[in-house]
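Below is one structure, written out as structure tokens, with a few remarks after it.
The values are calculated or read from the model by the stated rules, or taken from the named source; none is laboratory data. No experiment lies behind these values; they were computed from the predicted model shown. As a convention, Cβ positions derive from the backbone with ideal geometry for all residues, glycine included, and neighbour counts pool all protein chains shown. Accessible surface areas use protein heavy atoms only, side chains included; no ligands, DNA or RNA. Shrake-Rupley method; radii C 1.70, N 1.55, O 1.52, S 1.80 Å.
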Amino acid sequence: MPKPPAYDIERITYINNLMGGIHDSCDSIYESLIDRDFVSLVSDIDSLMATLRGIKESLEDDIE
């Protein structure tokens, strides 16, 4: 199997890091809910929403 081009490797690495951050955010939200730590919960939710908003905005040119 041929080695993927450098661009694809860079893209996959970026996506994997992005998804890792999203998973970490979801874990933090879960823990904040369990612990009833509502201050952290709001912060974690805001952070996740900003990440998801950024993803959505970055692909808007591709879907129009």
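Computed quantities for the displayed model
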| read-out | value |
| --- | --- |
| Fraction of accessible area attributable to carbon and sulfur, the chain (%, probe 1.4 Å) | 57 percent |
| Backbone HN-Hα couplings from phi across the range 44-57 [Karplus 6.51/-1.76/1.60, Hz, Gly and Pro as x] | 5, 5, 4, 5, 5, 4, 5, 4, 5, 4, x, 4, 4, 5 |
| For the chain, alpha-carbon Rg over 2.2 N^0.38 Å | 1.48 |
| Loop trypsin sites (Lys or Arg not before Pro), the range 24-59, which have at most 16 other Cβ atoms in a 10 Å radius of their Cβ (DSSP) | R36 |
| Solvent-accessible heavy-atom area per residue, rounded to whole Å², over the range 6-64 at 1.4 Å | 83 Å² |
